[in-house]
């Protein structure tokens, strides 16, 4: 796989937990790399661990959510048993979901999900995962300076043998760009830095890591406050108007 010796034999409790957590969003091959197990071993263990009893009747909201979360990275012969459905039923439901695409402004959660999934899925698969059109996905991905992961773009782990997508190779970093990155990175979020440099967010993060750059304490504190406010906002929305007022007061305090 990557030159490292593969683990063999019995699976530990920790490995099983990681498999349960990783596989639905990462697929067999990426999970195998992370667990240092062979893809065949991961597939067999996933069939034992994640297979559920056969289901009949209408698809529930939970069923749809699990299908969308794994669509495009988990191959049909495994995804079907994970959902308790046949591969044909899964494909049929995915096609039905394509007719339920949303429109309008994107929520923060949708943008976050796009950031998490965009690098390792084809845009046509993201349509089902996000219930957004390919045109919208491409437009928002451009706004967020996202790009496909190198290994994915090279055609690694393509369910169904699909051809790799075309990837525009970014030029090498010039001394002037590196100097600009060193000046901007500590006090600005990665998206702002990426836009100013004409780079992807991943490219900015990777180069900053190579250079040993760190965010300033002030920026980290601002990001932390924003995340806390977002979490309070979610809780308030679930509780209703009264909860929203309390959350706003806590955020301002």
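The values are calculated or read from the model by the stated rules, or taken from the named source; none is laboratory data. Quick caveat: nothing in here was measured; it's all calculated off a predicted structure. In this analysis, Cβ positions are derived from the backbone assuming ideal geometry, glycine residues included, and neighbour counts consider all displayed protein chains.
For segment 151-180, filtered to residues that are part of a loop (DSSP other than H, G, I, E, B) and modelled with pLDDT of 90 or more, the residue that is farthest from residue 116 (Cα to Cα) is 174.
What's the number of the condition residue 91 fails, among (1) assigned to a helix (DSSP H, G or I); (2) closer than 25 Å to residue 148 by Cα; (3) within 20 Å of the chain's Cα centre (by Cα)? For residue 91, the exception is condition (3). Report whether or not residue 20 is modelled with pLDDT under 95 and part of a helix (DSSP H, G or I). When the stated conditions are applied, residue 20 does not pass them. Note on segment 181-212: residues that are closer than 15 Å to residue 141 by Cα and outside any helix (DSSP H, G or I) amount to 3. Out of curiosity, is residue 183 closer than 30 Å to residue 91 by Cβ and either at pLDDT 70 or above or loosely packed, with under 12 Cβ neighbours inside 10 Å (or both)? The answer is no for residue 183. Being more than 29 Å from residue 153 (Cα to Cα), without any contact (Cβ under 8 Å) to a residue 60 or more places away in the chain and assigned by TED's automatic domain parsing to the domain that holds residue 153 is not true of residue 70.
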